[in-house]
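The values are calculated or read from the model by the stated rules, or taken from the named source; none is laboratory data. Note that the structure is a prediction, hence the values are computed from the model and not measured. Here the Cβ is made from the backbone with ideal geometry for all residues, glycine too, and neighbour counts use every protein chain on show. With ligands, DNA and RNA removed, areas are computed over all heavy atoms of the protein, side chains included. Shrake-Rupley method; radii C 1.70, N 1.55, O 1.52, S 1.80 Å.
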Amino acid sequence: MTSIGIHDLELATAHHVLDLTRLAEYNGTDPAKYHLGLGQDQMSFPAPDEDIITMGASAALPILERNGAEGIRTLLFATESGVDQSKAAGVSVHRLLGLPRHVRVTEFKQACYGGTAALQAAIGIVSRFPGERVLVISSDVARYALDSPGEPTQGAGAVALLVSADPALVEIEPATGLYTDDVDDFWRPNDSSTAVVDGALSVSAYLDALTGSWDDLQAHGGPGIAEIDRLLYHQPFTKMAKKGQQRLARHTGADLSAALTAAEQANAGDARDTGLFTGSIYNRRLGNSYTASVFAALAALLDHDDDLAGRRIGMFSYGSGSVSEFLTGTVRPGYARRDRAERVAAALNARAPLEVAEYRELHGRVFPSTQDLETPRVTSAPFRFSGLLGRARQYERR
Ligand code: CAA
């Protein structure tokens with residue numbers, strides 16, 4: 001059987017960053033609550049001329065530059081912060097990237113799970129047409145109300161994957177664990193720019209979905225816990241991955257390290273290190289990137305773990321509402337790309353810091369779609385949202 005999986009991967013984020021210590025100072029919270037309690041140091045925040053489309057196109061561009069567009073006949077765009085009720089965001093990305101006309105483009109939605117659904121759909125397409133390659137883009141801006149408990153868990157980011165036969169990075173294995181449960185833990189009504197969330201319920205729903213999808217993986221012949229070398233989780237905030245790891249350890253009886261920081265790692269004793277700390281390196285600085293979060297964890301692991309060749313990775317994807325999946329893959333020899341680690345670090349370091357007052361003003365800025373406008377030129381990314389014309393969103397390459 002042909003091996004299919006992730007051939008290439010790239011991460012992009014937004015122009016601005018808010019340091020959570022500044023947010024804590026502003027609202028009188030102990031900064032340790034954010035840094036240790038939630039496991040978050042920063043959040044990316046988009047400039048007025050950025051959105052899911054500009055970030056998604058920016059993530060995909062280097063993949064096309066490295067691999068060309070040959071064989072790409074499908075572009076799947078996953079998001080839960082969609083900018084139009086009808087048009088798929090990927091159609092604008094298709095034009096910005098100069099992809100050929102003979103490409104199908106569509107949008108996937110199921111909260112943070114949508115990117116994983118798109119990855120599975122891509123694998124299905126490649127298994128039918130092994131010569132084709134599928135571009136999967138997960139891109140989101142996570143936004144909660146100002147002064148709400150969810151506020152420090154906002155963020156923004158996009159990850160683009162190129163899915164193909166005989167992949168260079170990770171071969172995705174066929175057995176998978178699924179779990180769906182209709183629960184009102186987190187959602188975004190059509191007339192709201194911020195998510196509505198029942199925080200405590202969302203945490204317990206996530207953990208129940210984790211064990212539910214794990215059990216389904218086992219029922220479908222997936223590998224046992226001892227056969228999985230690294231474990232990655234959807235990270236709405238990185239401490240959530242630690243909670244997941246602790247739940248999975250209890251559920252399986254395995255001694256898995258729950259060390260989320262370098263200091264905790266030094267004191268982890270004999271517990272098995274499955275990459276919890278390594279997989280959180282990017283998300284700790286991006287904040288929640290919803291659909292992209294689990295793939296940002298994968299990027300961080302691939303970029304910072306030198307001993308992955310031939311190793312099996314387990315990945316838990318959770319989308320509130322809720323749909324989740326536990327999938328596994330094996331890392332291919334030659335996966336290591338130091339240049340990507342350097343690029344991501346440079347992009348994170350280059351973000352323009354926001355003062356809390358500036359952040360709050362940007363957070364509240366909503367462009368009514370009923371009037372034409374030109375957005376201010378702020379972003380230094382390759383693409384920008386240039387404004388509205390006749391209620392249609394306009395994009396350009398810088
Ligand atoms: N020093 C160190 N730690 C501290 C501290 C301090 N001074 N003060 C508090 N803490 C710790 C708490 O003990 C707690 O740790 P534990 O969870 O390990 O007990 C942690 O900081 C958070 O404190 P609270 O529980 O008091 O935090 P909160 O009620 O203000 O908010 C939250 C937490 C509910 C997760 C909130 O951030 C939220 O609503 N976030 C959005 C929803 C979310 O991300 N849910 C996750 C699952 S849903 C999902 O995964 C989909 C998705 O992407 C949204």
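Worth a mention:
- Of all lysines in the structure, the ones whose alpha carbon falls short of 30 Å from that of Lys239, not counting any fewer than 8 places away in one chain, are Lys33, Lys109.
- Relative contact order of the range 190-283, defined on C-alpha pairs under 8 angstrom at six or more residues apart (%): 25
- For the range 334-375, the list of trypsin sites (Lys or Arg not before Pro) that fall in a loop by DSSP and count at most 15 other C-beta atoms within 10 angstrom reads Arg365.
- Take the Cα radius of gyration of the range 298-376 and divide it by 2.2 N^0.38 Å, N being the number of residues; the result is 1.72.
- Pairwise Cα distances in the range 246-398 exceed 29 Å for 38 percent of all pairs.
- The phi torsions of the range 354-364, fed into the Karplus equation with coefficients 6.51, -1.76 and 1.60 and a -60° offset, translate into couplings of 10, 6, 4, 4, 5, 4, 5, 5, 5, 4, x Hz, rounded to whole numbers, with Gly and Pro shown as x.
- Isotropically averaged projected area of the chain, using the convex hull of Cα atoms (one quarter of hull area), nm²: 18.2
- Choice from Ala226, Ala300, Ala160 showing the highest fluctuation, given a GNM over the chain with Cα pairs closer than 10 Å: Ala226
- Most to least packed among 211-222, 12-23 [average Cβ atoms within 10 Å]: 12-23, 211-222
- From the alpha carbon centroid of the range 1-69 to that of the range 226-266 is 21 Å.
- The range 171-336, accessible surface, carbon-and-sulfur percent (1.4 angstrom probe): 47
- Largest accessible area first, the listed residues Thr252, Thr370 line up as Thr370, Thr252 when surface is computed with a 1.4 Å probe on the assembled protein chains.
- Accessible surface, per residue, of the chain when the full set of protein chains is kept, probe 1.4 Å, Å²: 40
- Centroid-to-centroid, using Cα positions, the range 144-211 and the range 285-316 are 15 Å apart.
- For the range 1-41, the gyration tensor built on C-alpha atoms gives an oblate shape. Its axis ratio a/c (a ≥ b ≥ c) is at least 1.5, and a/b is not larger than b/c.
- Sorted on the mean count of surrounding Cβ atoms within 10 Å across their residues, most packed first, peptides 375-381, 289-295 read 289-295, 375-381.
- Considering only the chain, percent of DSSP beta bridges that pair antiparallel, nearest 5: 70
- By average C-beta atoms within 10 angstrom, highest first, the peptides 39-49, 143-153: 39-49, 143-153
- Karplus-based coupling profile of the range 241-246, in residue order and whole Hz: 5, 5, 4, x, 4, 5, with θ = phi - 60° in 6.51 cos²θ - 1.76 cosθ + 1.60 and x standing for Gly or Pro.
- Shape category assigned to the range 171-336 from the gyration tensor of Cα positions, a/c cut at 1.5: prolate
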